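Inspection log for the structure reproduced underneath, given as structure tokens.
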Amino acid sequence: MKPSEIARVQAYLRRLLATDRITLLAPARPGLSVEVSVQDEVIGTVHRDDEEGEVSYSVMLTVLEEDLPPDSAPAAPSRGRR
């Protein structure tokens, strides 16, 4: 992605999620993914897709099990149809 695209996607994500803590980091080498970080912690990537002249950007967030709060609530009962 070009630096101008990275800046535009970053501005959009900041506005959409109502926070300036999100930063998009350009890759060190061409061809690598743009990283999404929140206060120095990388939480995902942004990929550019250009299909038949229509450009879109996909954001993939990664959540590590070790970063989740402890599971202290019992599992909810199933509400399947009978």
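Tally the residues that are touching a strand residue (DSSP E or B) at 6+ places or on another chain (Cβ under 9 Å) and either within 14 Å of ARG8 (Cα to Cα) or at pLDDT below 95 (or both), restricting the search to region 44-58.
9
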For residues in region 25-55 being touching a Lys or Arg at 6+ places or on another chain (Cβ under 8 Å) and loosely packed, with under 11 Cβ neighbours inside 10 Å, which is farthest from GLU5 (Cα to Cα)?
GLN39
Need the failing condition index for SER56 against (1) at positive phi; (2) in contact with an Asp or Glu (Cβ under 8 Å, 6 or more places away or on another chain); (3) polar (S, T, N, Q), just the number.
(1)
Matching residues, region 1-18, being of a type in the set (S, T, N, Q) and surrounded by 10 or more Cβ atoms within 10 Å (Cβ to Cβ)
GLN10
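The values are calculated or read from the model by the stated rules, or taken from the named source; none is laboratory data. Please read all numbers here as calculations on a predicted model, not as lab measurements. Cβ atoms come from the backbone with ideal geometry, glycine included; neighbour counts cover every protein chain shown.
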